[in-house]
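Nothing in this text is a laboratory measurement; each read-out follows from the coordinates by a stated rule. This is a predicted model, so every value here is computed, not measured. With ideal geometry, Cβ positions are generated from the backbone for all residues, glycine too; neighbour counts draw on all protein chains shown.
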Amino acid sequence: MKQILVEYLPFNYTPSNINEGVGGSDKFVVSGVLQRAGVKNQNGRIYPKPILEREVERYKSTEIRERRALGELDHPDSGEVNLRNVSHNVLNVEWKGDDLHGEVEVLNTPSGNILKELFRSGITLGISSRGMGSVQQIDESTVEVQDDFQLVCWDFVSNPSTHGAFMSPSGMGGGSGISAVHESVNRGVDSNSKYDKAHNLIRDIVCELSGVCCIK
């Protein structure tokens, strides 16, 4: 049965890491951990490193090389990137042990400008992978992503599930079934959590800047 799976990794940063207007460039670049291999995340999901390595190499040779490694602000319910909601473009990725690090340019799009203001305000955000694939049940609390997984993109979200996957601005230039794999954590309805508060703040900024409350 098809389903949407959401997972999230924190993206740590400090305001002094923001790279804007350096050397005549007006690019807003952030860097941090995009993905972690071989470790169970908060949703009980494990991504085997060989599968991620294969998909990262494919992504580097196509999307990143052709400058179309685009992502959105918050996960949509889709396996495709909607150009109207694009906020950023991945510039580079590299493995450091089991952690996949990346540099991401925040774009001057409506969603990108919202994302910039969140970073400037010191809001804790996360980076979250989105892909298509199936999972295999390992035990009662763990599933493993299977070989048919295909990476679509990384999105910025308010609640990551991969431990330590917050991104930061930096000075660097049960069963199985095909699923839309979104890597941000599936939460309950605790409106007092810090993640809900961050999500509400994002919603308020969207409403103020665009006049339309589009983040649910």
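Before moving on, here are some points about what is shown:
- Where labels lie 7 Å past Cα in the beta-carbon direction, separation of residue 148 and residue 108 in nm: 4.4 nm
- Cα→Cβ-extended label distance, 7 Å offset, between residue 137 and residue 57, nm: 3.4 nm
- Highest mean packing first, where packing is the average number of other Cβ atoms within 10 Å per residue, the peptides 126-132, 26-32, 90-96, 70-76 line up as 126-132, 70-76, 26-32, 90-96.
- The string of couplings for the stretch 61-73 from the Karplus curve (6.51, -1.76, 1.60, θ = phi - 60°) is 7, 10, 4, 5, 4, 8, 6, 9, 8, 8, x, 10, 8 Hz, one whole number per residue in order, with x for Gly and Pro.
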